[in-house]
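Data first, discussion second: the structure below is written as structure tokens.
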Amino acid sequence: MIDTAKIDGQETADAEKKLNLLDWLPVAGVLILVALIYAPVIGNAFNGDDFVHLRWLSQAVNQPELIWRNFHSAWLDITTAKFYRPLISIFMLADYVVWHHNGAGFHLTNLLCHLGNTYLVWLILRHISGLENNKGNHIWCLSAAALFGLYPLHPEAVSWITGRVDTFVTLFSLASIFCYMRWREPNQYIWLYASFISMILALLCKEMAIILPTVFCAYEFTFADKEANAQKAETKKNIWLYLFSVAKITEPFWLLLVLYFALRYYALGTFVGGYDNSLLAFDNWRGLLSTWRRSFYFLFFPFNEAIIGKHSLIIFLWTFLLLANVLLIGKQVLWQKKNVATFLFLVSWLVLDLLPICKLFNVSADLQGSRLVYLATVPLCALLCLGYAGFLENNKKVSYGKMAALTIMLSAAGAGLLVNNSAWVKAEAVTQALVSELNILSKTKASDSVVYIVGLPDQINGAYACRNALDGMSKYPQISKDFRYCFNLDEINHVFPFGYARRSIMDSKYGNQISAFYVWDKQGQKLKKFDPASALLLNNQGVASCPTSQLQNAWDGKDLSKIVFVRPTILHPKAGPNVVCFEPLGDLYIKSALLGHNRTLALWLPLYARSCFDMDCFVMTIDFISANTSTVTKPAISLFYLNDLFPDFTDPDSAHKLVWHRSSQEKEQQAIFPLYGQADWAMGGNSRGLILNMPRCGEYKIKSVSIERADKFMPLLTFQPNGNQNSLGFIELNASYPSCQLNYDGSKVVGAKKLALERTAPDKMFAVPNDSEMLELPLFKKVDGLTGQVSLKRADFASPGIYGLRLRAFTSDDKSVGVAGDHIVVTVK
């Protein structure tokens, strides 16, 4: 034990005064350590949405009105979401003016902001520690600030340039909180103005700052004014009078909040905004609670499971340290009655930080979405250190055990941060390789060329790579010459009508479009031109790699619709536990009781070395034997597809897949998985196999599984290219072209008796191409017969915008059959 006896009287004040002069030395050491651990990402360039900002910044330096527009309209003129964050654009612009397209400068700004937040955490906790009459104890303040600086959940907010939205709102929020605390000391009104200005800056960075007045109220409830203790004690006897007094103290900040919402309504036309302009509209409470449960886990266990395994030593050690910390906090607060005000304030602050993001609180296993809880980790880190370092004195001694636990916790956090940051280093390397390839391509193609790329990584171990990035990547100054049209075809972005376009690229009339399609070679970090003719030739290769002679014989036939895979035989060695492999024999009977509680069965179909481009639809006929006793109301079957482009099956949440939902109570049903419209399947080279995740829903029998042609299940929609219509599935209706003619054909769809057009809301696209489930919106327009023409008019659309449009087939009694046809994109001006 270390003796920490205090000096009495004047000697105590002198000692603390001297100590204050040296306080900054350990804090400086913490800041240097944090900077060193983040150093590997300082040299990084740009990732994901960073390229959206670069595109806007390159325009804003030449058009200053765009900067002013951010203050009275939606952020960056984004129409699909309503955010009010003009100050972030100012900081971005300042970096752009100084550093231009050098990403290191942007990253340096992010890091300096994070270091500023770390220092403010220390200042705030020092102030709180003083209110608890423990001014001599600095270990808690320093360790909590160090844990915040090293917390492994922060890379998305710090290592990603766009993540500065959360670091900057935290910077000004913490500054406002600290200044408010100083203002509450007598005769310190200069701090009130500083707190007020800091809150304004925080509100201009992000909506999260709306919680500040409530945090101030929590501070009032937990820490009394030193010179008014007696008066407050009297006031607390009347709860309403007490609440009124707190409201009066914080009144300027509530008035500021009212003005902010008025400005927000003027700029955005709504008080709420965001992605869906709703505050508490929860469609699926069970799913939401499941998401919260997972997010809370990663809030307390901030280790990227895409890199660090669930059962690693560091997580085991972290778990032990957290449990011990909880017990120590319980001992202090509940038994010894120490640090009660500190504990209550930190818990209140943590809850208040999470309230504004209740709908968006979604932290995945690879820590995507973690930036949203950056501010919440301030009180969290203070709590995680409170048990060990919170007033270490016991009979004027300091425990070596608690000091060792703190050291281990901070070391584990630093190690986790290094590992989590490695994902961002890798993602940056990929984006730079792609920019280099686009630059080479731009030298051989005209600026108005249309380029489509498949296989770009949306993210790498949770670090954003190409998400929302391609438009900015394909423009100057990232490359030497702009591509006007460069699009990423993936399973997230379904704007591009790939199903429609793939028919055009096979047509000799539109042969010039074939060269516009490229595939990203993940291994070689290169762009490869996609040639569908060569893809079809792959049918004559690779048959020897099929696992059984029966499978080889089946593939030798020219009619793909005759290929049937039905009997389970052996476990596939690489697909994980509970997986059954298929051969083309017999049929399969499944009892949910065999699957265990809440388990699913994964069925492996070894479609090795066959051209994906030549396989349209995967169809499975299922006999639901005990449908009425099903424990699942609407069972779903997921089809995961593997090919040369995406050969691995690691994370079911991020894998490339299609989902079929049982929509009726009929005993025998067809599950149709339309691979035809999936660019990442059709352009993925050779198949590596399919995996079916079967539901736990009573007893059922898989009667057949087959590969079928698309036109057997999907009605076709076509039109002739001209001035406002192109061969890739895009139509523009404007004053010069107020209408167009669409050809439709559903004559080959099995069971179809009538057709109708389905349309999205304006500026929305279909979530899934060729979906088996109808939209909740009413059908757009019925057509006559199964073949013919229908006129599409500008007047058919109530407002300008971008719409998705597709055909759907029905039986004579208006039941949907097959799946929706390939969609087209209609722009109405």
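Summary table
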| read-out | value |
| --- | --- |
| Zone of Asp531's modelled label, taken as backbone nitrogen in the range 656-691 under 18 Å from a point 7 Å along Cα→Cβ | 683-686 |
| ³J(HN,Hα) computed for each position of the range 400-410 - Karplus, 6.51 cos²θ - 1.76 cosθ + 1.60, integer Hz, glycine/proline x | 5, x, 5, 5, 5, 4, 4, 4, 5, 4, 5 |
| Stretchable slack from Ser704 to Ala104, in nm (0.36 nm times residue separation minus alpha-carbon distance) | 210.3 nm |
| Label-point separation, Lys782 to Val347 (7 Å along Cα→Cβ), nm | 6.2 nm |
| Added length on full extension, which subtracts the Cα-Cα distance from 0.36 nm per residue, Arg484 to Leu323 | 52.4 nm |
| Estimated FRET transfer efficiency when R0 is 35 angstrom, pair Ile42-Asn439 (beta carbons, to 0.05) | 0.90 |
| Calculated FRET efficiency for the pair Glu65/Phe221, C-beta based, R₀ 56 Å, to 0.05 | 0.75 |
| Shape category assigned to the range 679-829 from the gyration tensor of Cα positions, a/c cut at 1.5 | prolate |
| Full-extension gain in nm, Asp448 to Ala81, via 0.36 nm per residue minus C-alpha separation | 129.3 nm |
| Heavy atoms of Cys179: accessible area, 1.4 Å probe, square angstrom to 10 | 10 Å² |
| Interchain or long-range residues, amide H under 5 Å from Lys781's placed H | Leu757 |
| Derived scalar couplings ³J(HN,Hα) [the range 348-365; Karplus, 6.51 cos²θ - 1.76 cosθ + 1.60; whole Hz; x for Gly, Pro] | 4, 5, 4, 5, 4, 5, 8, 4, x, 10, 4, 7, 9, 6, 9, 9, 8, 5 |
| Cβ-derived FRET efficiency at R0 25 Å, Val495 paired with Ser791, nearest 0.05 | 0.55 |
| Distant-in-sequence amide H partners of Tyr452 (H built 1.01 Å from N, under 5 Å) | Phe487, Phe517, Tyr518 |
| Virtual spin-label span in nm between Ile408 and Asn362, 7 Å along Cα→Cβ | 3.7 nm |
| Amide H contacts under 5 Å for Thr787, placed H, 5+ residues apart | Gly746 |
| 3J(HN,Hα) from dihedral phi, the range 255-261, Karplus parametrisation 6.51/-1.76/1.60, rounded to Hz, x for glycine, proline | 5, 4, 5, 4, 4, 4, 5 |
| Heavy-atom surface of the range 238-369, accessible at 1.4 Å and reported per residue (Å²) | 59 Å² |
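The values are calculated or read from the model by the stated rules, or taken from the named source; none is laboratory data. In this text the structure is predicted, and so the values were computed from the model without any measurement. All Cβ positions, even for glycine, are placed from backbone atoms using ideal geometry, and neighbour counts span all protein chains on display. In case anyone asks, the SASA skips ligands and DNA or RNA and just uses the protein heavy atoms, side chains included. Shrake-Rupley method; radii C 1.70, N 1.55, O 1.52, S 1.80 Å.
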